[in-house]
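Q: This is the structure I have questions about; it appears just below.
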Amino acid sequence: MNEEKVKRLEELYSLLPKMECKGLCQADCAGIMMSGIEAARINETVGQVVAKPWPLAPGTFYMKVATTPKCPLLGLLGECTVYKVRPLICRAYGAVKRMTCAHGCRPERYISDIEFLEIYREIENLSK
């Protein structure tokens with residue numbers, strides 16, 4: 001994986017406000033869409049292809065949910081097994097006003113939809 005792109009990806013993630021997570025959002029974790037670079041990092045981390053291309057949006061990937069509505073990357077105790085490389089949508093949960101945490105976790109500040117989309121677009125561009 002391109003180290004410069006991964007470094008830029010981490011810089012973009014760092015634009016999100018800090019938040020104290022209570023670790024209660026497992027019920028909200030499901031199949032999600034993500035960029036190609038994020039999918040590659042997850043696939044590399046787990047050693048198998050769990051994030052596959054989304055046929056309707058070129059360059060976009062999704063995490064397949066098999067027979068359960070839960071994210072396939074949750075561990076037995078509900079923990080995220082790829083927390084360090086989780087995609088933007090997981091990191092932004094609770095930090096964007098439209099995606100407030102149902103469990104009371106609050107960010108230092110909320111980011112706007114526009115800020116979120118700008119970060120996402122930059123991450124998508126890293127996938128090219």
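The values are calculated or read from the model by the stated rules, or taken from the named source; none is laboratory data. As the structure is a prediction and not an experimental result, all values here were calculated from the model. Cβ sites come from the backbone with ideal geometry, for glycine too, and all protein chains shown count toward neighbours. Note: areas computed on protein heavy atoms with side chains; ligands, DNA, RNA excluded. Shrake-Rupley method; radii C 1.70, N 1.55, O 1.52, S 1.80 Å.
Q: Note down all Cβ pairs under 7 Å where the first residue falls in the stretch 1-26 and is touching a residue at least 60 places away in the same chain (Cβ under 8 Å), the second is β-branched (Val, Ile, Thr), and they're at least six residues apart or on different chains.
A: Going by the 7 Å Cβ cut-off, the qualifying pairs are Lys5/Ile37; Leu9/Ile37; Leu9/Ile123; Leu12/Ile119; Leu12/Ile123; Leu15/Ile119; Leu16/Ile111; Pro17/Ile111.
Q: With the requirement that a residue be in contact with a strand residue (DSSP E or B) (Cβ under 8 Å, 6 or more places away or on another chain) and either among the hydrophobic types (A, V, I, L, M, F, W, C) or within 16 Å of Glu20 (Cα to Cα) (or both), what does the stretch 73-96 give you? Full working, then the answer.
A: Step one: of the stretch 73-96, the residues in contact with a strand residue (DSSP E or B) (Cβ under 8 Å, 6 or more places away or on another chain) are 73-74, 80-81, 86-90, 92, 94-96.
Selection gives Leu73, Leu74, Cys80, Leu88, Ile89, Cys90, Ala92, Gly94, Ala95, Val96.
Q: Can you name the residue in the stretch 1-37 that is closer than 15 Å to Cys80 by Cα and under 12 Å from the mean Cα position of the chain (by Cα) and is also surrounded by the fewest Cβ atoms within 10 Å (Cβ to Cβ) among such residues?
A: Within the stretch 1-37, the subset closer than 15 Å to Cys80 by Cα is 21-32.
Narrowing the set further to residues that are under 12 Å from the mean Cα position of the chain (by Cα) leaves 29-32.
Values: Cys29: 20, Ala30: 13, Gly31: 16, Ile32: 18.
Among them, the one singled out is Ala30.
Q: Separate question: Run down Arg86, Arg91 and say which single residue is among the charged types (D, E, K, R), under 15 Å from the mean Cα position of the chain (by Cα), under 18 Å from Arg121 (Cβ atoms) and at pLDDT 90 or above.
A: Details: Arg86 fails: under 18 Å from Arg121 (Cβ atoms).
Result: Arg91 is the single residue among Arg86, Arg91 that is among the charged types (D, E, K, R), under 15 Å from the mean Cα position of the chain (by Cα), under 18 Å from Arg121 (Cβ atoms) and at pLDDT 90 or above.
Q: Further question on the same structure: Restricting attention to the stretch 67-116, which residues are open to solvent by 40 Å² or more (accessible area, probe 1.4 Å), touching a residue at least 60 places away in the same chain (Cβ under 8 Å) and assigned to a loop (DSSP other than H, G, I, E, B)?
A: Tyr93, Ala102, His103, Arg106, Glu108, Arg109, Tyr110
Q: Sort out which residues of the stretch 38-56 are in a loop (DSSP other than H, G, I, E, B), open to solvent by 30 Å² or more (accessible area, probe 1.4 Å) and either touching a helix residue (DSSP H, G or I) at 6+ places or on another chain (Cβ under 9 Å) or small (Gly, Ala, Ser) (or both), and write them in order of number.
A: Here is the first cut: in the stretch 38-56, the ones in a loop (DSSP other than H, G, I, E, B) are 47-50, 54-56.
Imposing the further condition that a residue be open to solvent by 30 Å² or more (accessible area, probe 1.4 Å) reduces the set to 47-49, 54-56.
Scanning the stretch 38-56 gives Gly47, Val49.
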